[in-house]
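The values are calculated or read from the model by the stated rules, or taken from the named source; none is laboratory data. Not measured: the values here are computed from a predicted model. Cβ coordinates were reconstructed from backbone atoms using ideal geometry, including for glycine residues, and neighbour counts include every protein chain displayed.
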Amino acid sequence: MSHRESSQDVRRWFLRAIKDLWPVALGSVSLRKSPCIRQNCPTCASGKGHSSYALSGYRGKRRFSVYVPDELAPDIQRALEQGRRLQDFLKEAGVRYVRARKRERRSRREK
Ligand SMILES: [Zn+2]
């Protein structure tokens with residue numbers, strides 16, 4: 001089927017493929033250490049600090065980082081996996097779109 005598909009077919013395939021792809025995210029989730037706001041906190045004083053998850057990455061050249069509560073971390077991990085799948089779909093869509101457009105160009109010329 002992918003040998004004969006038109007650019008509209010590619011569009012339909014792509015929209016169907018990503019329909020249930022939610023949640024999505026790009027970047028990475030990691031544990032980071034940060035001090036708290038309490039005064040004389042023994043954990044901070046010991047140098048151990050408090051670790052919390054953060055979602056971080058780049059938007060263009062700008063780095064972003066947002067705090068992620070512990071209980072949300074698994075969901076954000078899942079969003080990142082889905083985000084990678086979305087990227088794969090985008091790459092595949094580009095290749096299939098180019099092929100379809102070339103085919104359409106060729107058949108128009110033959111007419
Ligand atoms: Zn502290």
### Query
residue 21 fails exactly one of the following numbered conditions: (1) at pLDDT below 90; (2) in contact with a helix residue (DSSP H, G or I) (Cβ under 8 Å, 6 or more places away or on another chain); (3) on the phi < 0 side of the Ramachandran plot. What is the number of that condition?
(1)
## Note on the structure
Going through segment 1-34 in order, the residues found to be hydroxyl-bearing (Ser, Thr, Tyr) and either touching a residue at least 40 places away in the same chain (Cβ under 8 Å) or closer than 16 Å to residue 88 by Cβ (or both) are 2, 6, 7, 28
### Task
Determine whether residue 66 is without any contact (Cβ under 8 Å) to a residue 12 or more places away in the chain and exposed (fewer than 15 other Cβ atoms within 10 Å of the Cβ).
no
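Among the residues of segment 69-111, which ones are within 13 Å of residue 30 (Cα to Cα) and not in a helix (DSSP H, G or I)? Break it down into steps so the answer makes sense when it comes.
Of all residues in segment 69-111, those within 13 Å of residue 30 (Cα to Cα) come to 69-70, 72-74, 76-77, 80.
Correct list: 69 only.
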### Query
Is it the case that residue 94 is at pLDDT 95 or above and either within 11 Å of the ligand (Cβ to nearest atom) or among the small types (Gly, Ala, Ser) (or both)?
yes
